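Note sheet for the following structure.
The values are calculated or read from the model by the stated rules, or taken from the named source; none is laboratory data. Please read all numbers here as calculations on a predicted model, not as lab measurements. Don't worry about glycine lacking a Cβ; one is built from the backbone with ideal geometry, like all the others, and counts go over all protein chains shown. Heads up: the accessible areas ignore ligands, DNA and RNA and are worked out on the full protein's heavy atoms, side chains in. Shrake-Rupley method; radii C 1.70, N 1.55, O 1.52, S 1.80 Å.
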Amino acid sequence: MILKANNPEKYQYDKSEDVAHNGFRYRQYLTDVGVDTDVILQEIVQWIRESNCYEYGDVVDYAVSEKFDEWFSYC
């Protein structure tokens, strides 16, 4: 997948032109360039091992309540 920000051949919208409806905060779901997803996934796996987590729902619950900004988009 090629994002428009990484493709100079596509029209580059000014951030002030972004529109969201009904209060949806879409920017929190965008991955910044340079974010190392492997590090985040390793952190999630480490938590799973340390907490003896066996249920996916428990990972999601923890991500929502404790690590929403960092983990939730990876669950």
Study note, to complete from the structure: Residues other than Phe72 with Cβ under 11 Å of its Cβ, Lys/Arg counted +1 and Asp/Glu -1, net out at -3
Point to revise | Heavy atoms of Asp69: accessible area, 1.4 Å probe, square angstrom to 10 | key: 130
**Study point:** Computed accessible area, Glu55, all protein chains, 1.4 angstrom probe, square angstrom
**Key:** 110
Point to revise | Neighbour net charge for Asp61 - beta-carbon separation under 12 angstrom, K R +1, D E -1 | key: -2
